[in-house]
Amino acid sequence: MPRSNRPRGRRRAPAAEPDDLSRLLSGWKRTETRRGIAWNVQPISADRALKDYVCPGCGGAVSIGTAHLVTWRADGVLGEAADLAARRHWHTHCWSIS
């Protein structure tokens, strides 16, 4: 009788650490430095892009359903709440060439 190559037991995936889960939920937010200023950069997927925005890089529309980036200062002097309120939505390409 031929040998079966089917696995006999199932291995369980290791449980995700809480910090891994929070990183997945945050959309891989990262900090970048541009011209000596620290910026928080959060990617937004196409299915999460639910509003139209104006890109500060090119002045064009960031349309509904377009993957893009949201940026805000990470080192502002007015505090985190003010920095978050001043966030901007950029085309990914416009942010990369700015």
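Read-outs throughout are calculated quantities, based only on the coordinates presented, and are distinct from any laboratory measurement. What you see is a predicted model, and the numbers here were worked out from it, not measured in a lab. Don't worry about glycine lacking a Cβ; one is built from the backbone with ideal geometry, like all the others, and counts go over all protein chains shown.
In terms of modelled amide H atoms, which long-range or inter-chain residues lie less than 5 Å from the amide H of Ile44?
Placed amide hydrogens put His68, Leu69, Val70 under 5 Å from Ile44.
Multiply the residue gap between Arg35 and Arg48 by 0.36 nm, knock off their C-alpha separation, and tell me the result in nm, one decimal place.
Between Arg35 and Arg48, full extension yields an extra 1.7 nm.
Give me, ordered by chain and number, the residues 5 or more places off Ala74 or on other chains with an amide H under 5 Å from its own placed amide H.
Here the answer is Ala38, Trp39, Asn40, since their amide H atoms fall under 5 Å of that of Ala74.
Would you mind checking which residues have amide H under 5 Å from Val62's amide H? H placed 1.01 Å from N; only 5 or more apart, or other chain.
Placed amide hydrogens put Tyr53, Val54, Cys55 under 5 Å from Val62.
Just to be sure I understand: if I project the alpha-carbon convex hull of the range 28-97 onto a plane and average over all orientations, what area do I get in nm²?
Working: hull surface 18.8 nm².
Averaging across all directions leaves 4.7 nm² for the Cα convex hull.
Ordered by residue, what ³J(HN,Hα) values in Hz, to whole numbers, does the range 51-57 give under the Karplus form 6.51 cos²θ - 1.76 cosθ + 1.60, where θ = phi - 60° and Gly and Pro are x?
Residue by residue, the range 51-57 yields 9, 8, 9, 10, 6, x, x Hz.
Quickly rank 68-75, 86-93, 53-60 as a protection proxy: mean count of other C-beta atoms within 10 Å, highest first.
68-75, 86-93, 53-60
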